[in-house]
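One structure is given here, and the rest of the page talks about it.
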């Protein structure tokens, strides 16, 4: 890696294993409206495109919220449920601490770019990742584009003082790989997250790693 490089991370499924807490929250919302819960693996597909997409996807076809009033009602319930559940099982994936220690010791700027709501993104970083100095933390903000639009990734690169082509964008979904490609960054997929290695490669991953130590070895 060049001395003026940076590493940008997705959050859910990349740095943090949030799946169970997200699923518990979603299932509370559908149960409140009389629908059956989903199994854990179903949430691997629901997650990654932002909270509004998730609260639509968890409902059966034909019963999804459509009007702005319905969407805001479901979002309110989901935010309330996740606000109660977000720390119950969430933790760093194995090897992430060691990777972040390595990047810190090498003086490599790091950032988070997530489609999770910005306030929850910041709360998760503060709760689980505060040991490390993050140059920038960007979640989804009202009026701003979500990934795979490269806006957030490019904003993060600028905050790190690094050209996009010198950034490594690390994520676990097709959305992350598409973001990296659109931003002109190195797309690094992780196999321990929500989606398959095949999907990551099909959407532009230069490399798919099976353990954080592999990324450390690239630096």
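Quick notes
- Relative to the longest principal axis of the Cα atoms of the chain, the long axis of helix 151-160 makes an angle of roughly 40 degrees.
- The long axis of helix 174-183 is offset from the longest Cα principal axis of the chain by roughly 50 degrees.
- A Förster radius of 41 Å combined with the Cβ-Cβ distance from residue 63 to residue 102 puts the calculated FRET efficiency at roughly 0.30.
- Taking other C-beta atoms within 10 angstrom as a stand-in for reagent exposure, 172, 149, 17 fall in the order 149, 17, 172, fewest first.
- Per-q log10 I(q)/I(0), the chain, q = 0.10, 0.11, 0.14, 0.17 Å⁻¹ (Debye; single scatterer per alpha-carbon; no solvent): -0.42, -0.50, -0.81, -1.17
- By the count of other C-beta atoms within 10 Å, a proxy for reagent exposure, 200, 100 are ordered fewest to most as 100, 200.
- Rounded is the label for segment 19-85. Its Cα gyration tensor axes, ordered a ≥ b ≥ c, give a/c under 1.5.
- Cα gyration tensor category, rounded, prolate or oblate, for segment 121-219 with a/c compared to 1.5: rounded
- Arranged from fewest to most other beta-carbon atoms within 10 Å of their beta carbon, 191, 105 become 105, 191.
- As a rough guide to protection, the peptides 50-59, 33-42 ranked by mean Cβ packing within 10 Å, highest first, stand as 50-59, 33-42.
- Residue of 68, 155, 165 that the Gaussian network model of the chain assigns the largest fluctuation, springs spanning Cα pairs under 10 Å: 68
- Cα shape, segment 88-167, gyration tensor, a/c 1.5 rule: oblate
- The helix-only estimate of mean residue ellipticity at 222 nm for the chain, built from DSSP H runs of length n ≥ 4 each weighted as -39500 (n - 2.57), is -12500 deg cm²/dmol after division by the residue total.
- Tilt relative to the chain, helix 68-85 - C-alpha long axis, 0 to 90 degrees, to 10: 70 degrees
Rule-based calculations on the coordinates, nothing more; no lab input. Here the structure is a predicted model, which means the values were calculated and not measured. Cβ sites come from the backbone with ideal geometry, for glycine too, and all protein chains shown count toward neighbours.
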